1. Over 24 Å between Cα atoms, which of Lys117/Lys166; Lys34/Lys77; Lys34/Lys108; Lys77/Lys192; Lys108/Lys192 qualify?
2. With the convex hull built on the Cα atoms of region 10-90, state its orientation-averaged projected area in nm².
3. Based on other C-beta atoms within 10 Å, arrange Cys20, Cys37 from fewest to most.
4. Within a 10 angstrom radius of the beta carbon, how do Val143, Val80 rank from fewest other beta carbons to most?
5. Can you bin region 125-171 into rounded, prolate or oblate? Criterion: square roots of the alpha carbon gyration tensor eigenvalues sorted a ≥ b ≥ c, rounded for a/c under 1.5, prolate for a/b above b/c, oblate for the rest.
6. Provide Leu148, Leu39, Leu159 in ascending order of the number of other Cβ atoms located within 10 Å of each residue's Cβ, fewest first.
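Nothing in this text is a laboratory measurement; each read-out follows from the coordinates by a stated rule. Being a predicted model, the structure only gives us computed values, none of them experimental. A quick note on method: Cβ atoms are made from the backbone with ideal geometry, for glycine too, and the neighbour counts reach across all protein chains shown.
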Amino acid sequence: MGNTSSMLTQYDIEEVQEHCNNLFTQQEIVSLYKRFCQLDRSAKGFISSDEFLSVPEFAMNPLSQRLLKMVDCLNFKEFVAFLSAFSTKASIQQKIECWYSQHTIIFKVYDIDGNGKVSFKEILSVLRDLTGSYMSENQREQVLSDVLEEAGYTTESSLLLNDFIKVYHSVVSKNTNFNILQYPTGRMIQGKTNYRVLTVNNCESCTQQSIILDCPGFNTVETIDPRIIYKG
């Protein structure tokens, strides 16, 4: 798999599938390999950070600049492992431990100075990127303080990996009534990733009407048939 001009063998596919904890099917891995080859324009066997920025879904991510330090010079196996951390099939533990036993993709994003600990100021800095003008600085500080307190920490705490897992899990495990889920189908359409979007209403006693899905910056390359939108 060092040269992107070569084809994947069945052994390669199974090896990559095992490396990503079976979060992608074999067909999805083949599709990802085609995408990898498109990004690796000079067929050098790895993707540079600049080539990663050519992916609209990545470039538009508010954390893209922070993620770049982790995606430079990825070979195909590392490329799939990186993407597996964002798979909706991944468990919390898999998302957190997908790359290294002592470090994680998510943890590294927040550990800005790379000292192996995450501080209140570092989390706040990432929150600024995520929330932009939608939240004031006071609101961000209050929300973060509440989250830390609920998990048993304070704004003065320095979170090690296990501490971070505890805080992160307490946030993502909370149930909400209405969720919007998005994940790649493994198909490529005119060189672009095809996504499936699910809306989930967990409230049995309330209904949602006139739902509008708006994806700023994303342009579909084919006409969307309204009949594909259905009630499950």
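1. Working: Lys117/Lys166 14 Å; Lys34/Lys77 13 Å; Lys34/Lys108 28 Å; Lys77/Lys192 21 Å; Lys108/Lys192 28 Å.
Among Lys117/Lys166; Lys34/Lys77; Lys34/Lys108; Lys77/Lys192; Lys108/Lys192, the Cα-Cα distance tops 24 Å for Lys34/Lys108; Lys108/Lys192.
2. Working: hull surface 20.8 nm².
The number I arrive at for region 10-90 is 5.2 nm².
3. Cys37, Cys20
4. Working: Val143 14, Val80 21.
Fewest-to-most ranking of Val143, Val80: Val143, Val80.
5. Details: a/c = 2.18, a/b = 1.78, b/c = 1.23.
Because a/c hits 1.5 or more and a/b exceeds b/c, region 125-171 counts as prolate.
6. Working: Leu148 20, Leu39 17, Leu159 24.
Listed from fewest to most nearby Cβ atoms, that is Leu39, Leu148, Leu159.
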